[in-house]
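*Asks:* Have a look at this one.
The values are calculated or read from the model by the stated rules, or taken from the named source; none is laboratory data. Not measured: the values here are computed from a predicted model. Here Cβ is always computed from backbone atoms with ideal geometry, including for glycine, and neighbour counts include all displayed protein chains.
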């Protein structure tokens with residue numbers, strides 16, 4: 001047993017309690033009880049005790065759209081002309097990088113951001129992967145990295161026709177094999193989705209094959225949807241319909257599917273997303289950095305679409321993503337009154353629901369029976385913190401680097417800012433060698 005106590009417990013979830021001098025009792029992978037720290041210690045004297053020293057104890061965070069491999073682009077000269085649009089970014093950066101990845105690159109490019117997840121309090125991720133010349137076995141390699149780091153993760157391989165039929169077929173098989181492997185185990189630390197790149201790189205033939213395969217497996221999709229206007233223009237020109245309409249035609253939408261971005265969607269498409277119960281994930285920093293536009297998040301939430309929050313690989317810090325989303329929606333609406341409730345709903349409400357659908361169990365709250373994903377945050381409030389204003393404290397007072405201790409699935413991964421059983425220095429040293437080798441090949 002483990003008690004994380006002597007802190008201010010923020011349960012979140014339906015109970016939404018703030019418990020001063022509170023504690024969380026953990027057994028194996030689940031939370032058993034939440035309450036007075038002293039009372040828990042008295043009743044369970046044999047339990048290991050982690051002293052939060054008056055700081056904030058809260059649920060671990062969830063990133064519902066990530067690209068681990070993008071880590072190798074940090075500081076890289078892609079040797080391309082300055083991009084003028086999103087297509088230029090794809091061709092001049094990402095499609096250059098992913099083609100060069102070897103299986104060892106896949107592994108190390110995952111280890112380093114997974115460490116950053118632990119250090120910033122992100123305990124669960126939903127990743128979207130591409131390595132066209134290292135497809136087979138790439139998802140199991142990523143899952144191996146996640147297991148070694150102890151981070152809960154879902155993976156998929158992005159099927160695309162941009163590299164030819166053979167690689168597209170390999171991607172379809174990689175998705176199917178990994179999904180089957182996940183379905184064949186009771187491990188709640190790994191899950192599989194059926195990955196697709198985007199409408200503009202997928203033929204009708206490939207889309208239909210993916211739809212048929214996923215249907216046999218009972219799996220949902222993870223796909224980029226109308227991220228850039230180029231995706232919409234291509235779909236209208238070549239298919240006579242908009243992106244969401246095309247995906248609806250091929251059975252890609254649904255309650256098990258994640259539609260990332262959805263920047264350029266109209267009212268009819270929002271209704272299709274709502275009717276199909278497709279889960280949308282917004283990635284504010286990425287959309288701003290790529291200058292693709294602003295997802296109509298407020299409208300989608302108002303219409304009843306479940307919208308979560310991701311990072312698209314821009315950062316591992318979900319506190320940071322929430323800060324950016326808050327100001328982005330205010331700026332786009334030219335209205336300082338918006339996004340106060342919607343952003344917490346996305347990160348602390350909808351992301352746990354998306355994770356629950358993927359892995360099973362209860363996420364995003366410190367309540368009996370929930371997964372024991374718990375973080376201790378170095379934040380002692382200077383103003384009253386209660387059940388009605390906690391989101392303002394997290395928005396303005398906390399960043400990922402305030403996280404001191406991270407527990408995932410009941411396993412301590414970082415204690416007082418020291419990683420547990422992880423040799424970060426050695427991992428990053430090898431990562432730098434591999435990244436430099438890729439840069440040399442560009």
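*Asks:* Would you mind listing the helices (runs of 4 or more DSSP H) fully within the stretch 264-379 where at least 2 residues are at negative phi and free of Cβ contacts under 8 Å to residues at least 40 places away in the same chain? Walk me through it before giving the result.
*Replies:* Details: elements: 267-276, 284-289, 297-303, 318-333, 351-359.
Helices (runs of 4 or more DSSP H) meeting the threshold: 267-276, 284-289, 297-303, 318-333.
Rundown of residues vs (1) in a helix (DSSP H, G or I); (2) exposed (fewer than 15 other Cβ atoms within 10 Å of the Cβ), yes/no style:
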| site | (1), (2) |
| --- | --- |
| 171 | yes, no |
| 174 | yes, no |
| 179 | yes, no |
| 187 | no, yes |
| 197 | no, no |
| 208 | yes, yes |
| 212 | yes, yes |
| 219 | no, no |
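Yes or no, residue by residue, for (1) within 28 Å of residue 361 (Cα to Cα); (2) modelled with pLDDT of 95 or more; (3) in contact with a helix residue (DSSP H, G or I) (Cβ under 9 Å, 6 or more places away or on another chain):
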residue: 175; (1), (2), (3): yes, yes, yes
residue: 183; (1), (2), (3): yes, yes, yes
residue: 200; (1), (2), (3): no, yes, yes
residue: 207; (1), (2), (3): no, yes, yes
residue: 215; (1), (2), (3): yes, yes, no
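*Asks:* So, residue 139, is that one assigned to a helix (DSSP H, G or I), at pLDDT 95 or above and crowded, with 24+ Cβ neighbours inside 10 Å or not?
*Replies:* For residue 139, the condition - assigned to a helix (DSSP H, G or I), at pLDDT 95 or above and crowded, with 24+ Cβ neighbours inside 10 Å - is met.
*Asks:* Which condition number in (1) loosely packed, with under 14 Cβ neighbours inside 10 Å; (2) within 25 Å of residue 64 (Cα to Cα) is the one that residue 382 fails?
*Replies:* Unmet for residue 382, out of (1) loosely packed, with under 14 Cβ neighbours inside 10 Å; (2) within 25 Å of residue 64 (Cα to Cα): (2).
*Asks:* For residue 425, work out the one condition from (1) within 30 Å of residue 107 (Cα to Cα); (2) in contact (Cβ under 8 Å) with a residue 12 or more places away in the chain; (3) loosely packed, with under 15 Cβ neighbours inside 10 Å it doesn't fulfil.
*Replies:* The one condition residue 425 does not meet is (2).
*Asks:* Another question, then. Run down 89, 115 and say which single residue is touching a strand residue (DSSP E or B) at 6+ places or on another chain (Cβ under 9 Å), at pLDDT 95 or above, part of a helix (DSSP H, G or I) and in the same structural domain as residue 177 (by TED's automatic domain parsing).
*Replies:* 115
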